[in-house]
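S.K.: Sharing a structure, written as structure tokens. Questions coming.
The values are calculated or read from the model by the stated rules, or taken from the named source; none is laboratory data. Since the structure is predicted, the reported quantities are computational estimates derived from the model, not experimental observations. Here Cβ is always computed from backbone atoms with ideal geometry, including for glycine, and neighbour counts include all displayed protein chains.
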Amino acid sequence: MRVRHLSLTNFRLYARLELDLPRGLVIVQGDNAQGKTSLLEAIYFLATAHSPHTRADRQLIRWGAEEESPYPYAVLKATIERNDGLRVIEIAIQRGESNRLRKEIRIDRVGRRGIDLVGQLNVVLFLPGDVELVSGAPALRRDFLDAALSQVDADYVRALDRYMRALAQRNALLRQAQERRLDPDELAIWDDQLVPAGVEIAVRRRRAIADLTRLAVPIHRELSNGSEYLQITYQPNFDPARPSMLDTPYQVGIDDSQPPAGIDPRDLQTAFRRALAERRREEIARGMTLVGPHRDEVRFIANGVDLGDFGSRGQQRTAVLALKLAQVAWMRERTREEPVLLLDEVLAELDPHRRRCLLQRIGSAQQTIVTTTDIQRLDRDFVRHATTLQVCAGVVSPYSLNGS
């Protein structure tokens, strides 16, 4: 899988861009704030309909574009080469009802929904800030799982959408209950939607973590020169196999990557409903839902040490690198396609051993796009086998290694 052609209109710095992209390795060089990262962001957006950097689509629109034209504010379009042929993906960000922005998605010139993007273009994005996946807030790890699964699993996307809608309505009702008497039947309506969707999310997350762990362990051992053994453990907010674990701190040595023995989805739903009922009074007092996959946790353990709490920066970066490389292999297994790899200023952060391991692992990718502020800092052999581009103020041109 690769992006054959990328077209941008009024996206970030780009007033207009038409760019052919070759197979293999592409290096994009440029100073900060010139548009390098925006190229990767655009490809990620076409794959997922979301930006990895902002939740506000208005920030993606080139400054001043809204006043210049009555047409769609920003348009992203790509021709994708896949094993089964070519696809053309187009996303327009434009004015909708009540002057709100909306996304219009087309695949092969036919209007589609966001869920129809699943599997059309698969990408794995490496960012400098990815180290926060280990050391940062649990929401970052949940977001990673959601983003990864949403690229390959349409059922997960549907379940997540149902769950988040029900959760928002349930939380609103719980806040209202602080001011008026709550009718239990009102909550039951949203519980009927929350519970089955929540169980489906938890089950699919558990399977994904098990697969990612299987793939990440040998990669991590290679990156750490065989000195560390990595565990990626999934701790659901509530597990009927161990109900006493609800809302307790994570304990090293507990591995929830495999499904609880002898428990099927009906048991999980029953346990979920029981937990909601048991915490009803506390939820009303706090005005929020306290049980469910929106409070799940994932931890990274190396040689029995929780890297989020006690790992060095180097250990945390190594764990994330192993996770992302495992994601590449996992997506390949799930889709039978090589994902497009997007590396934003990450090679310079790695020591020679980890950089060499990374480059060897991604060598089979049909397309890898790397950004850098200083191409001279990259290995000469690596650069020699790449197509090199330069970005300056939203203009992309070929880059000459001799500086001319």
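Here is a yes/no grid of residues against (1) among the charged types (D, E, K, R); (2) within 16 Å of GLN231 (Cβ to Cβ); (3) touching a Pro at 6+ places or on another chain (Cβ under 6 Å):
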{"site": "ASN303", "(1), (2), (3)": "no, yes, no"}
{"site": "GLY308", "(1), (2), (3)": "no, yes, no"}
{"site": "GLN315", "(1), (2), (3)": "no, yes, no"}
{"site": "ARG332", "(1), (2), (3)": "yes, no, no"}
{"site": "GLN366", "(1), (2), (3)": "no, no, no"}
{"site": "THR372", "(1), (2), (3)": "no, no, no"}
{"site": "ARG380", "(1), (2), (3)": "yes, no, no"}
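S.K.: Would you check which residues across segment 272-315 are acidic (Asp, Glu) and in contact (Cβ under 8 Å) with a residue 40 or more places away in the chain and list them?
M.R.: GLU283, ASP296, GLU297, ASP306
S.K.: In segment 323-360, which residues are without any contact (Cβ under 8 Å) to a residue 40 or more places away in the chain and either out of contact with any strand residue (DSSP E or B) (no Cβ under 7 Å at 6 or more places or on another chain) or outside any helix (DSSP H, G or I) (or both)?
M.R.: Passing the criteria: ARG332, LEU350, ASP351, PRO352, ARG355, ARG356, LEU358, LEU359, GLN360.
S.K.: Now a separate question. Show me the strands (runs of 3 or more DSSP E) found entirely inside segment 364-404 where at least 2 residues are within 16 Å of ALA42 (Cα to Cα).
M.R.: 367-372, 395-398
S.K.: Mind listing whichever residues of segment 120-147 are assigned to a helix (DSSP H, G or I), of a type in the set (A, V, I, L, M, F, W, C), crowded, with 17+ Cβ neighbours inside 10 Å and more than 9 Å from the chain's Cα centre (by Cα)?
M.R.: VAL131, LEU133, VAL134
S.K.: Scanning segment 336-383 for residues that are over 20 Å from the mean Cα position of the chain (by Cα) and of a type in the set (Ser, Thr, Tyr), which turns out surrounded by the most Cβ atoms within 10 Å (Cβ to Cβ)?
M.R.: Once the filter is applied, the top-ranked residue is THR372.
S.K.: Condition test on VAL110, is it of a type outside the set (D, E, K, R) and crowded, with 17+ Cβ neighbours inside 10 Å?
M.R.: Working: of a type outside the set (D, E, K, R): yes; crowded, with 17+ Cβ neighbours inside 10 Å: no.
When the stated conditions are applied, VAL110 does not pass them.
S.K.: Starting from segment 126-155, keep only residues that are closer than 24 Å to GLY314 by Cα and modelled with pLDDT of 95 or more, then list their pairs with residues that are of a type in the set (Ser, Thr, Tyr) and not in a helix (DSSP H, G or I) whose Cβ atoms are within a distance under 9 Å, requiring at least 6 positions of separation or different chains.
M.R.: Correct list of pairs: LEU145/TYR234.
S.K.: For segment 74-115, enumerate the residues that are assigned to a loop (DSSP other than H, G, I, E, B), touching a residue at least 60 places away in the same chain (Cβ under 8 Å) and closer than 25 Å to ASP161 by Cα.
M.R.: none
S.K.: Can you spot a residue in segment 182-191 that is part of a helix (DSSP H, G or I), in contact with a helix residue (DSSP H, G or I) (Cβ under 8 Å, 6 or more places away or on another chain) and at pLDDT 90 or above?
M.R.: Taking every residue of segment 182-191 in turn, at least one turns out to be part of a helix (DSSP H, G or I), in contact with a helix residue (DSSP H, G or I) (Cβ under 8 Å, 6 or more places away or on another chain) and at pLDDT 90 or above.
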